[in-house]
1. Take the residues of segment 365-380 that are open to solvent by less than 10 Å² (accessible area, probe 1.4 Å) and not hydrophobic (A, V, I, L, M, F, W, C): which is nearest to the ligand (Cβ to nearest atom)?
2. Return the total of residues in segment 16-56 being under 21 Å from Leu344 (Cα atoms), of a type outside the set (Phe, Trp, Tyr) and in a loop (DSSP other than H, G, I, E, B).
3. Is it the case that segment 93-110 has a residue that's within 25 Å of Phe223 (Cβ to Cβ) and surrounded by 18 or more Cβ atoms within 10 Å (Cβ to Cβ)?
4. Considering only segment 381-400, state which residues are farther than 26 Å from Ala145 by Cβ and buried (at least 24 other Cβ atoms within 10 Å of the Cβ).
5. For residues that are assigned to a loop (DSSP other than H, G, I, E, B) and of a type in the set (Phe, Trp, Tyr), scanning just segment 57-84, find the one that is surrounded by the most Cβ atoms within 10 Å (Cβ to Cβ).
6. Restricting attention to segment 129-137, does a residue exist that is open to solvent by 20 Å² or more (accessible area, probe 1.4 Å), acidic (Asp, Glu) and in a helix (DSSP H, G or I)?
7. Could you tell me how many of the residues in segment 266-291 are over 17 Å from Leu318 (Cα atoms) and in a helix (DSSP H, G or I)?
8. Checking Leu233 against (1) open to solvent by less than 30 Å² (accessible area, probe 1.4 Å); (2) touching a residue at least 60 places away in the same chain (Cβ under 8 Å); (3) more than 21 Å from the chain's Cα centre (by Cα): exactly one of these is not met. Which one?
Amino acid sequence: MEPVNSTIKSTMKHAAPKFDLNNAIQCALATIDSNLITFGNTFPNDTTVKNIYYPRPAHGNFAEGSNYEWTTSFWTGMLWLAYELSGSDKYRQVAERHILSFAERIKQKLDVDTHDLGFLYSLACVAPWRLTKNEQAREAALLAANQLMTRYHKKAEIIQAWGDLNDPTQRGRTIVDSLLNMPLLYWTSEVTGDPQFATAAHRHAMQVCTHMIRPDNTTYHTFYWDTESGEPLYGRTAQGFSDDSCWARGQAWSIYGFLLNYRYTRDSTFLETAQKTADYFLANLPEDHVAYWDLVFKEGSSEERDSSAAAIAVCGLLEMVQWLPDGPQRQRYQAAADNILASLAQNYAACDPSKSNALLLHSVYDKNTNRGVDEGTLWGDYFYLEALMRAHNQNWQLYW
Ligand code: GLY
């Protein structure tokens, strides 16, 4: 581990002008320090309200601040990144207490009817297993992977994203975000030696690749399969502008998601697809390099940006450059990542905990339902910090 200090040198080859990586990391750590006092073992809500995170509200049998829904592990993941960036045990101690919460959640099956188990358990449990060989974390992650496998429809070869498996509105539906949930399954095959998890993940990612990428390299947000015949049916949006538009975060999930699937399978189709979806994403950015919430909107639009899509894309682009040979393509993706990250750090990062306890401002959760519009989001914060970590240390070992 290489803690950040005042003499940190960026490993970025094409750092954009005025981007002070060390300062950006120190700003993020200061906000996390403040959130450590506010939230500690409990969990903030998915998004800020007027740029402030409050505790996750009480919901059904869940008390205020408890561990439900899909975004809690991003707070835990930020603590592990802060631990690695600083070397300070104060982050590790709280993140280790979160493991107890995630272990309880999967053992008691509390809000686990979702494909988001991958997001949740990769960051909250696979990360500590990788970093500290925490046995309880390993066990919880394996339980989560088994639960995730119950959502695999064998005929359609897809993992159902949302809801009860018998819900007719959700049965046979997957979403492009799902690509980030596959690493939990690949990891499980690695640690158990049982190939069924990795096989399901590979097939699922290939179905997403075959049916959810349109001929122009844009993505459907969600897509339905007939689970009896296995036939692909049709695409629909949930959070995008329209069924045939390209939701910016979905496109970013596809860039990073296909690369993570490539990392485990070395299936070149995934690397090629990540490049194609990245090219579309990059060709449709406004001048400040940070996407509007749907790529249908162009420079000058009054629609909101989604800085979280930008942060996810940076992580994907920085992953991509690790797999491409040196040359113009690789340099182009590196330069694009540098430009986006510099813009985020200069124009979108919050650096005053008294004004905002988010790391990154100006994300959109769901414009269609007016949820978390132009706010901080836990995943935007996490991927921004992961992007800073990747810029700081090209040899960083992924949690995914
Ligand atoms: N994975 C849910 C979202 O990106 O909003």
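The values are calculated or read from the model by the stated rules, or taken from the named source; none is laboratory data. Everything quoted here is computed from the prediction, not taken from an experiment. Neighbour counts run over all protein chains shown; Cβ positions are idealised from the backbone, glycine included. Just the protein is used for accessible areas: all its heavy atoms, side chains included, with ligands, DNA and RNA removed. Shrake-Rupley method; radii C 1.70, N 1.55, O 1.52, S 1.80 Å.
1. Thr377
2. Number satisfying all stated conditions: 8.
3. Scanning segment 93-110 turns up no residue that is within 25 Å of Phe223 (Cβ to Cβ) and surrounded by 18 or more Cβ atoms within 10 Å (Cβ to Cβ).
4. Across segment 381-400, the qualifying residues are Tyr384, Ala387, Leu388, Ala391.
5. Ranking the qualifying residues of segment 57-84, first place goes to Trp70.
6. Within segment 129-137, one or more residues are open to solvent by 20 Å² or more (accessible area, probe 1.4 Å), acidic (Asp, Glu) and in a helix (DSSP H, G or I).
7. 3
8. Failing condition for Leu233: (1).
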